[in-house]
Amino acid sequence: MSLGEKIYKLRTESGMSQETLAEKLQVSRQSISKWETDSAMPELGKVVALSEIFGVTTDYLLRENADNTKHESSQLPPIINGNRAISVKTHDGKNIFTCYKFTVSPIAFPAKDEPACVLNGVDGRSIFGDHSVVLGYYESREAAVKEIEQIQKAMAAGQTVYELQHFVKVKGMFGVKVVREE
């Protein structure tokens, strides 16, 4: 497998867009596209950064014959901005984001059928500050804080992937409503 194929595979497995990876590496989205199609090669410093983002060795990325060896993304937690990170499967099961910091944001004046707060994961930085993504919705701040504690325990144990446990199912994009099991 070529370097470009490995970059593509690791990026898509982590649920990351070319734009997001480009921001993390401070390159253009077109550079990522060229790397993934093997029409250009990243400089050595970017290869090192890729290994940290995806939790693999530079040896895995650069060696053609590493196809037959198990790469190490399942063994080493990734590092983002110098912090250990963990891949978190979102509440809807549609995305996985690799995050290194987690915050709880209250929903202002939630209605009876709306969640009380949102769990955000920080997956990078840009010139505008932290870039965060919504990971899940919660009926109480306590449930979201409990989730963060569980994520931190998983990270301390060296886990590379965490599946949310304490969220509530929701429907809708704007004016999100809690789905009640009957």
**Item:** Residues of region 91-100 satisfying the condition of being under 21 Å from Leu10 (Cα atoms) and charged (D, E, K, R)
**Value:** Lys94
**Counted residues, region 9-34 - those being surrounded by 16 or more Cβ atoms within 10 Å (Cβ to Cβ), modelled with pLDDT of 90 or more and of a type in the set (Gly, Ala, Ser)** = 2
**The lone exception for Glu181 - which of (1) outside any strand (DSSP E or B); (2) under 14 Å from the mean Cα position of the chain (by Cα) it fails** = (2)
**Prompt:** touching a Lys or Arg at 6+ places or on another chain (Cβ under 8 Å) and without any contact (Cβ under 8 Å) to a residue 60 or more places away in the chain, is that true of Asn120?
**Reply:** no
**Request:** Could you list all residues from region 118-173 that are surrounded by 15 or more Cβ atoms within 10 Å (Cβ to Cβ) and β-branched (Val, Ile, Thr)?
**Result:** Val118, Val122, Val133, Val134, Val145, Ile148, Ile151, Thr160, Val161, Val168, Val170
**Message:** I'm trying to understand the selection: among the residues of region 135-145, which are touching a strand residue (DSSP E or B) at 6+ places or on another chain (Cβ under 9 Å) and of a type outside the set (S, T, N, Q)?
**Reply:** Leu135, Gly136, Tyr137, Tyr138, Glu139, Arg141, Ala143, Ala144, Val145
**Message:** Pairs please, first residue from region 48-76 and over 14 Å from Leu25 (Cβ atoms) and among the β-branched types (Val, Ile, Thr), second anywhere and modelled with pLDDT of 80 or more and open to solvent by less than 80 Å² (accessible area, probe 1.4 Å), Cβ atoms under 7 Å, 6+ apart in sequence or on different chains.
**Reply:** Val56/Leu10; Thr57/Ser51; Thr58/Val47; Thr58/Val48; Thr58/Ser51
**Request:** Evaluate the following for Phe174: is it aromatic (Phe, Trp, Tyr) and more than 20 Å from the chain's Cα centre (by Cα)?
**Result:** yes
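Considering region 1-34 alone, what residues qualify as being assigned to a loop (DSSP other than H, G, I, E, B) and among the hydroxyl-bearing types (Ser, Thr, Tyr)?
Residues satisfying the conditions are Ser2, Ser14, Ser17, Ser28.
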**Prompt:** Cβ-Cβ below 8 Å, separation at least six or inter-chain, first residue in region 12-24 and free of Cβ contacts under 8 Å to residues at least 60 places away in the same chain, second among the small types (Gly, Ala, Ser) and part of a helix (DSSP H, G or I): which pairs?
**Reply:** Gln18/Ser33; Ala22/Ser31
**Asked** Mind checking which pairs have a first residue in region 138-152 that is more than 12 Å from Glu163 (Cα to Cα) and a second that is in a helix (DSSP H, G or I), Cβ under 6 Å, 6 or more apart or different chains?
**Response** Tyr138/Ala144
**Message:** Among the residues of region 127-138, what is the count of those that are assigned to a strand (DSSP E or B) and hydrophobic (A, V, I, L, M, F, W, C)?
**Reply:** 3
**Prompt:** How many of the residues making up region 82-115 are under 16 Å from Leu164 (Cα atoms) and touching a strand residue (DSSP E or B) at 6+ places or on another chain (Cβ under 7 Å)?
**Reply:** 17
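The values are calculated or read from the model by the stated rules, or taken from the named source; none is laboratory data. Please read all numbers here as calculations on a predicted model, not as lab measurements. Backbone-built Cβ (ideal geometry, glycine too); neighbour counts: all protein chains shown. Surface areas here come from the heavy atoms of the whole protein model, side chains and all, with no ligands, DNA or RNA. Shrake-Rupley method; radii C 1.70, N 1.55, O 1.52, S 1.80 Å.
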